[in-house]
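The values are calculated or read from the model by the stated rules, or taken from the named source; none is laboratory data. All values derive from a computational prediction rather than experimental measurement. Note that we place each Cβ from the backbone using ideal geometry, even for glycine, and neighbour counts take in every protein chain shown.
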Amino acid sequence: MTTYTTLISAPELRALAASGAPLMVFDCSFDLAQPGAGAQHYLQAHIPGAVHADLDRTLSALHGAPGAHGTITATQADTPASGGRHPLPSREKFATWLRSVGFTNAMQAVVYDRNGSAFCGRLWWMLQWLGHAQVAVLDGGWQAWVADGGAVAQGPETSHFASDFALRPSLRRLATAQDVLAALDQPGQTLIDARAAPRYRGEVEPLDPVAGHIPGALNRPFTDNFGPDGRFKSAAVLRAEFEALLAGRDPASVVHHCGSGVTALPNVLAMELAGFEKTTLFAGSWSEWCSDRTRPMART
């Protein structure tokens, strides 16, 4: 059976589903301004059989921030694997959720959203962080699926039996704020910030208490990875663009970040599509970095 670890096209997904191969599709649609909108969009229309994976409630640790989760009970509590506005849940907590939706180690996972692939990369990375290599982003997302004539379902899906999904050694590298600070301005670390240029420069900051960026970080807005059709650019174009950005810096030294560790993931995936080796994620990102005013910050 063909396995997919980076991208899968809508026709490839249709063929895979028709083949009867072990498969689970995840809808990661979300809206930062209206956190409940993603679940509503999912109920209105989704790929048949897809499981909704909510950024706030599933792909992040419950942290009780105002407007996010309210009061966290002892049974909901977790020790996050990162800081920031969307802290990673622990590997164990996330594996428990995967078991609850029936995901198994034998399955090919496919992730998508309807938000320009801004959010589904989080689940792509997290599954590999748990040691599961067979996960791919649907290239072009929901819009590509509909344009290709893919079937559409509405309402909730039938519940799955719990599985015995097992954690395996991580396939991903995760940097902490302390790691980033210790290597700041050192040749062994190249920071790439995936936020839009005005936020990177510190001209505006709609989400975090401080505007600016980590000193020395390069800016590559995650939207730069896509063509007008919402699909990733070709490998050759991506490679040329990243080589120009790095300007001789070692690609292996790259540490990706954004506002809260979510939209950095299209940059991570794009570098791998371009033929570079796996790079590192600073999941806490700017939201964690700027929470400590003693850390250096820059504006340009």
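For the residues ALA211, ALA217, ALA194, the requirement of being in contact with a Leu (Cβ under 6 Å, 6 or more places away or on another chain), surrounded by 18 or more Cβ atoms within 10 Å (Cβ to Cβ) and modelled with pLDDT of 95 or more singles out ALA217. Look at the stretch 261-272: where a residue is assigned by TED's automatic domain parsing to the domain that holds ARG231 and a partner is of a type in the set (Lys, Arg) and assigned to a helix (DSSP H, G or I), sitting 6+ places away or on another chain with Cβ atoms under 9 Å, you get GLY261/ARG122; VAL262/ARG122; THR263/ARG122; LEU265/ARG122; MET271/ARG239.
Looking at the structure I just gave you, is GLN128 crowded, with 17+ Cβ neighbours inside 10 Å and either of a type in the set (Gly, Ala, Ser) or closer than 30 Å to LEU207 by Cβ (or both)? For GLN128, the condition - crowded, with 17+ Cβ neighbours inside 10 Å and either of a type in the set (Gly, Ala, Ser) or closer than 30 Å to LEU207 by Cβ (or both) - is met. When ASP185 is tested against (1) within 21 Å of the chain's Cα centre (by Cα); (2) over 21 Å from PRO266 (Cα atoms); (3) acidic (Asp, Glu), exactly one condition is not met: (1). Per the conditions (1) in contact with a helix residue (DSSP H, G or I) (Cβ under 6 Å, 6 or more places away or on another chain); (2) on the phi < 0 side of the Ramachandran plot; (3) touching a residue at least 12 places away in the same chain (Cβ under 8 Å), the sole criterion not satisfied by GLY230 is (2). Comparison of VAL146, VAL137 shows that the only residue that is of a type in the set (Val, Ile, Thr) and in a helix (DSSP H, G or I) is VAL146.
Set side by side, the residues VAL268, VAL237, VAL255 differ, and just one is β-branched (Val, Ile, Thr), more than 15 Å from the chain's Cα centre (by Cα) and either at pLDDT 95 or above or surrounded by fewer than 18 Cβ atoms within 10 Å (Cβ to Cβ) (or both), which is VAL237.
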